[in-house]
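The values are calculated or read from the model by the stated rules, or taken from the named source; none is laboratory data. This structure is a prediction, so every number in the text was calculated from the model and none was measured. Here Cβ is always computed from backbone atoms with ideal geometry, including for glycine, and neighbour counts include all displayed protein chains. In case anyone asks, the SASA skips ligands and DNA or RNA and just uses the protein heavy atoms, side chains included. Shrake-Rupley method; radii C 1.70, N 1.55, O 1.52, S 1.80 Å.
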Amino acid sequence: QVIFIDLVHNEYIDLDKPYYLGGLIDQCAVDGRLYFVSGDASLGYMKCAFCMYFNQRLMDEYKIENPYDLVDSGKWTLDKLGEIATKAAQDINGDGKYDLEDKLGFVVHENNHPKGFRISTDSVMYKKDSSGEWKFTYGSERDEAIVNKLYELFFVDEGACFSGVTNSIPDQLETYNKFSDKFRSGDIFIMTAEMDDSVAQLRNMKDDYGILPYPKYDESDEYRSSARNTHNAFSMPVTTSHEDIAGAVLEALSSEKYETVLPAYFETALKKKYARDDDSSRMYDLIRETMTLDFGYIYSNAIGWADSLFNDSYMKENSFASNLASRKSALETNLETYMSNLREMINS
């Protein structure tokens, strides 16, 4: 049974306005019906946006290419990230591996952060066919090359460290915070993060730091950014007695936050109060302007958690082909079943 109202035809909700995320209809609607929206009515999407922070003192100390210049020239790729991160690493205890005891070139700070690489490299799992039907299309040579490159970046490249923890599990929070402390102390060059980390974790950092978007796979690609799936979306239950009035309230809330709250957070706090240089402001803008919604990411839980195929393949070397072979059929079936059941509920 459908418990939410289709928002597309609400008299007062205008999805073309800048305070709603772009791509809602293309990536989130089912047969032209949209049952949830996201955007500036909540700051969650911006706060959870994936980004990277880098230590500017270490950049100067090790005479490393300026990451801002790499972004501006379109050369900010996975290969370039691995290349420059290695230059700032030191195996302090000489045990041949890189962990909290060493100076680290690149750290995956949180287990959810690699999700951002799937979007930034445009590793799309589902596409619409000529009839507009979603199909599972993941599995190209490019897709395989991306997870293999991520495996190297996370586990093979000199100076890299995969934290293996999440800040959403209390027992792992202590280790997560140790990596935060290590970045603040100047012993990590580049670290994956979320945009609000500059407010929540880095405000007292002595060294100047900069912000970067997640890198592309190839220089010819466009930058694509995304957010951790812990932000808010808004729906309207079918029990709503005055849906037009409810739509007007959502529209007013979205518009007002876009005009007042977002500038206070994004323009004043992030780009001025907590940024350490003028270039950071451009990077914040780039991340916000390249925010990308993705059907496979949004509906992942409902259609069989295809992201786990991506995750498992970067965790183990050369495992992509076997992972794909073992899961492809089930993922295709899950998608067909979900869409069929959803349409049955919609039309009942």
Pick out, from 94, 159, 304, the residue whose Cα sits farthest towards the positive end of the charge dipole of the chain, with +1 on the Cβ of Lys and Arg and -1 on the Cβ of Asp and Glu.
94
With only Lys, Arg, Asp and Glu charged, each at its Cβ (+1 for the first two, -1 for the last two), find how big the charge dipole of the chain is about the Cα centre; round to the nearest 20 debye.
380 debye
Give me the accessible area per residue for the chain, probe 1.4 Å, as a whole number in Å².
45 Å²
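Using the Cα centre of the stretch 250-313 as the reference point, and only Cβ charges (+1 on K/R, -1 on D/E), how large is the resulting charge dipole? Debye, rounded to the nearest 20.
Roughly 260 debye, rounded to the nearest 20.
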Acute angle (nearest 10 degrees) that the helix 141-151 long axis makes with the longest principal axis of the chain, alpha-carbon atoms:
50 degrees
Computed about the Cα centre, the charge dipole of the stretch 98-164 from +1 Lys/Arg and -1 Asp/Glu charges at the Cβ has a magnitude in debye, to the nearest 20, of 420 debye
Got a sec? Charge dipole of the chain, +1 on Cβ for Lys and Arg, -1 for Asp and Glu; which of 59, 147, 169 is way out at the positive end?
169
Restricting to the chain, what percent of DSSP beta bridges are antiparallel, rounded to 5?
70 percent
Karplus-derived 3J(HN,Hα), 6.51/-1.76/1.60, for each residue of the stretch 306-315, Hz, glycine and proline x
4, 4, 5, 5, 4, 4, 5, 6, 7, 7
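Hey, any idea what % of the stretch 250-348's accessible area is carbon plus sulfur with a 1.4 Å probe?
Here carbon and sulfur together make up 49 percent of the probe-accessible area.
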With a 1.4 Å probe and all protein chains left in place, how much of the accessible area of the stretch 39-120 comes from carbon and sulfur atoms, in whole percent?
44 percent
Overall form of the chain per C-alpha gyration tensor (a/c, 1.5; a/b vs b/c):
oblate
Pop out the carbon and sulfur fraction of the accessible area of the stretch 127-215 as a percent, whole number, probe 1.4 Å.
42 percent
Between the stretch 238-309 and the stretch 76-147, what's the alpha-carbon centroid distance in Å?
23 Å
Would you kindly work out the equivalent ellipsoid of the stretch 247-313 from its C-alpha gyration tensor and give its semi-axes, the square roots of five times the eigenvalues, largest first in whole Å?
31, 22, 8
